[in-house]
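In what follows, a structure is listed as structure tokens, so that the remarks can point back to it.
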């Protein structure tokens with residue numbers, strides 16, 4: 001590792017949270033003769049790359065910054081370098097440098113270090129959060145995005161991504177995940193209600209599920225604990241649908257609890273099939289519901305999609321999007337990374353309704369690539 005890369009890492013560790021880009025610019029100027037440095041962060045809709053400083057977003061799909069973001073490779077165009085700012089599969093944006101030295105390998109390492117440091121400081125400053133929104137979030141949407149574990153995750157045995165829509169005004173739909181290298185847990189909530197009330201209900205269910213999961217409980221008991229938490233507060237007056245999944249990354253065994261859940265679709269060898277789930281009561285509908293687990297065997301390179309009813313029921317020009325259009329579109333995503341597949345589906349929905357979605361929608365994509373040594 002070269003001295004400028006080592007120095008960049010040291011500087012990032014020591015820099016004040018709000019001055020990461022300034023400090024890294026000093027290192028790049030001294031080590032590589034770079035005179036311009038900017039950070040473009042992807043917005044909540046995955047539709048614009050927004051500068052940390054300035055007000056000119058990058059929205060054109062063919063722009064080199066988007067090529068860098070989409071393909072996750074350093075890109076050189078007209079003497080300017082574009083470097084992916086990503087960590088563990090979470091794409092945060094693009095670091096822009098000019099004039100850019102070639103090759104860009106060392107600068108790519110620095111951009112990755114920047115991504116890790118931004119992740120570390122984000123909960124202590126609003127600088128980076130405020131700069132990657134193109135308009136104000138509703139209060140409910142602010143609450144929902146703050147609960148998410150991220151938007152994408154990559155490990156050798158799996159890739160995972162999710163998206164909420166309408167991104168700046170989502171209310172009750174959400175997702176959550178966690179992994180320990182041998183297992184991955186995923187929950188998707190199809191929320192109910194309006195505004196902050198919907199976000200609060202989803203928050204209660206999400207934290208109840210996390211509490212049960214972190215206590216080592218199985219899926220059925222996780223569902224039962226969250227069910228009881230919602231019921232104790234609302235006595236059946238409010239409830240919400242959820243899908244809980246647990247994937248054994250070594251064997252490919254998928255365990256599922258369907259609590260009135262969103263749709264679960266399997267893409268295998270280019271063919272779409274909906275997994276037959278046992279419909280059970282939504283969380284909080286009745287007191288002391290007993291939930292049952294189902295088991296499915298995944299094959300290497302299987303892809304799973306979880307989609308809420310806000311996707312299937314989206315309406316454009318008095319026509320419903322529907323299961324047929326959804327399946328047709330999902331079958332075309334096989335060559336895409338999960339985040340690109342999710343982003344493409346949401347983009348297709350926006351084009352279909354010719355606007356932002358009216359109802360909440362959540363889309364999650366999970367690839368199992370098989371057991372890893």
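Of all DSSP beta bridges confined to the stretch 186-307, the antiparallel ones make up roughly 95%. The listed peptides 256-263, 145-152, 355-362, ordered by packing as a protection proxy, come out as 256-263, 355-362, 145-152 (highest mean of other Cβ atoms within 10 Å first).
Less than 19 Å from a label point 7 Å out along the Cα-to-Cβ axis of residue 214: which backbone N atoms in the stretch 229-252 qualify, by residue? Under cut-off, by backbone N: 229-230, 245. Among 110, 346, a tally of other beta-carbon atoms within 10 Å of each Cβ gives an order, fewest to most, of 346, 110. With neighbours defined as other Cβ atoms within 10 Å of a residue's Cβ, the residues 344, 308, 159 order from fewest to most as 344, 159, 308. Ranked by the mean number of other Cβ atoms within 10 Å per residue, highest first, peptides 316-323, 327-334 order as 327-334, 316-323. In plain terms, the chain from residue 123 to residue 106 could stretch by 3.3 nm, reckoned as 0.36 nm per residue minus the Cα-Cα distance. Taken as Cα centroids, the stretch 249-304 and the stretch 199-236 sit 18 Å apart, rounded to the nearest whole angstrom. For labels at residue 232 and residue 60 in the simple 7 Å Cα→Cβ model, what's the distance in nm? Modelled inter-label distance: 5.7 nm.
Summarised as an ellipsoid, the stretch 139-368 has semi-axes of 25, 23, 15 Å, derived from the eigenvalues of the Cα gyration tensor scaled by 5 and square-rooted, with the largest first. The simple spin-label model puts a point 7 Å past each Cα toward its Cβ; for residue 292 and residue 142 those points are separated by 4.5 nm. With contacts taken as Cα pairs under 8 Å at a separation of at least 6 residues, the stretch 131-192 carries a relative contact order of 29 percent.
Over the chain, dividing the summed -39,500 (n - 2.57) contributions of all DSSP H runs of at least 4 residues by the number of residues returns a 222 nm mean residue ellipticity of -10500 deg cm²/dmol.
The relative contact order of the chain comes to 14 percent, based on Cα pairs under 8 Å that sit 6 or more residues apart.
Between residue 180 and residue 279, residue separation times 0.36 nm minus the direct Cα-Cα distance comes to 32.8 nm. Ellipsoid fit via the Cα gyration tensor, the stretch 270-349: semi-axes of 26, 20, 11 Å, each the root of five times an eigenvalue, largest first. Take the Cα of residue 72, step 7 Å toward its Cβ, do the same at residue 155, and the gap between the two points is 1.5 nm.
If you run the Gaussian network model on the chain, springs between alpha carbon atoms under 10 Å, then out of 91, 129, 343 the most flexible one is 129. Gain on full extension, evaluated as 0.36 nm per residue between residue 13 and residue 26 minus their Cα-Cα distance, stands at 3.2 nm.
In percent, rounded to a whole number, the relative contact order of the stretch 3-131 is 25, using alpha-carbon pairs under 8 Å and six or more apart.
Laboratory data are not the source of any read-out in this text; all were calculated from the coordinates shown. None of the values given here were measured: they were computed from a predicted structure. Neighbour counts run over all protein chains shown; Cβ positions are idealised from the backbone, glycine included.
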